[in-house]
């Protein structure tokens, strides 16, 4: 990546993203755990003092050795002082450690909690602004930078205290040598200030390149089977090497620039020591400068060098924190301005709050679901849905069908709040739903997407996902999903590990597992997006029979009311024949709606969809013959 490209990328991002200033984020983390931060600061200041006092005592020690002592100290007194200073320093280090680690853990947990909170609040079908690998890096290195800098503020205050005391003592001994010796450090400070823009640019490029590599690794592992089928291993590895080489170059540039700066900072002490060597000789001959003074000056200059180095590092790090805050804010796009630093409890001692799941109340009972004038268009395009209206009644099966790209999935996502609709109104039993993303969740509604997501865990955990349900409820959900035969074939039944994304299950088993996950939550409304695409005809027929008639079927010549209300995207005939109402979409609009027989008689689009068999249906028909 060229410097000009990195600078353009920086300017473009800054123009689009409004984020909190770095100082404000750091301040809020200090305010979140002020006691820990103040304890850390106090321990650092005490450590600075106990670190400095041995240098003063050593001055007297060298003066004793050279016969220039002016104080009434002897060797044993000096040894006792050293012991006292060592004990004080160790106690200060204990205070630092006892406050440092909890501050780190609490503040990083808060930042990660807020990041995750607002990521989960995003419309579910809206992609993250960056790749999964880059997003993951926000939770690592970017979050780490904030508490680190907050604690470094204590370090710099300790270094400043050291520098002030050192310069005052040095001035009292020999003002001329002192002033000339600290000139190199002032010069180094100007270099540090001038280099901050370069530091920011190199760090941004390095972080971005690292995120791209991590993201590619994640995508590669997720698509390993596709890569093998396409025999594209060599090409993928070649591309990975290219990405990693780009990362290596920008990381090397970033590291080299920082090392050069550190070298300049640390050479300040060598320049200062050289000045002392030149000037101290004449002062010693005149009797105004002792060997102990010389040792003390060198000792102090080393501490002042650390102050200069650390100040330059702190300025550079502050620029880097600005990049980190910007990246985290980008990941939380759409969140309130101060969402990143919202205060809330974090539980670090093992006493976690009890997780509760909403119980079904009378208001959750569904009688009617009305949708009026619902529209959504993908940003910058004309694609989407326009002026959708429909009514779902309790216990009915409504099927949405249409060609590929007609807007079927978009309709479901806009209804459920997974996409932010442009306009329209959704009413549950006549009451307007203002926040569909949070409303259409269990126990009111459950949804299975076109590509169900399973986790690398046991089948039981994939069904419950933390929900506390008895085995009887799980068995009922498995029966509704037509999975009882599969359970006898799985090695460990419910405890079978399904692998990443359910790789150890077939496509049909993955779909039925996702369906069982819905059923075990006993929602009022079931929303399926092409649930049966990987099921054979008989399994699909059995599934719909159990879902629609499973709660009693017919009794005394009367049909028992269904428990579930279903909204389904499907082109499969088994679903179409069982549908109470069918909505035909074309180019994002409702082309026609009604019962299957009516549509087959009057709707040309429905005729084409119904009589145009899919490849899977043709294969099943051929095998049956």
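Laid out as a table, the results:
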quantity	calculated
Mean Cβ count within 10 Å, highest first, over the residues of peptides 411-423, 207-219	411-423, 207-219
Sorted by Cβ neighbour density within 10 Å, fewest at the top, the residues 284, 201	284, 201
Cβ-based exposure ranking for 492, 504, 393, in which fewest neighbours within 10 Å come first	492, 393, 504
Over segment 451-522, relative contact order from alpha-carbon pairs under 8 Å, at least 6 apart, %	53 percent
Peptide ranges 354-365, 147-158 listed from the most packed, as the mean C-beta count within 10 angstrom indicates	147-158, 354-365
Order of 118, 376 - criterion: other Cβ atoms within 10 Å of each residue's Cβ, fewest first	118, 376
Packing-based ranking, highest mean first, of 93-99, 509-515 given that Cβ atoms within 10 Å are counted	509-515, 93-99
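Since every read-out is calculated from the coordinates, none of them should be taken as a lab result. On a predicted model such as this, the values are computed, not experimentally measured, just so you know. When we count neighbours, we look across all protein chains shown, and the Cβ atoms used for this are built from the backbone with ideal geometry, even at glycine.
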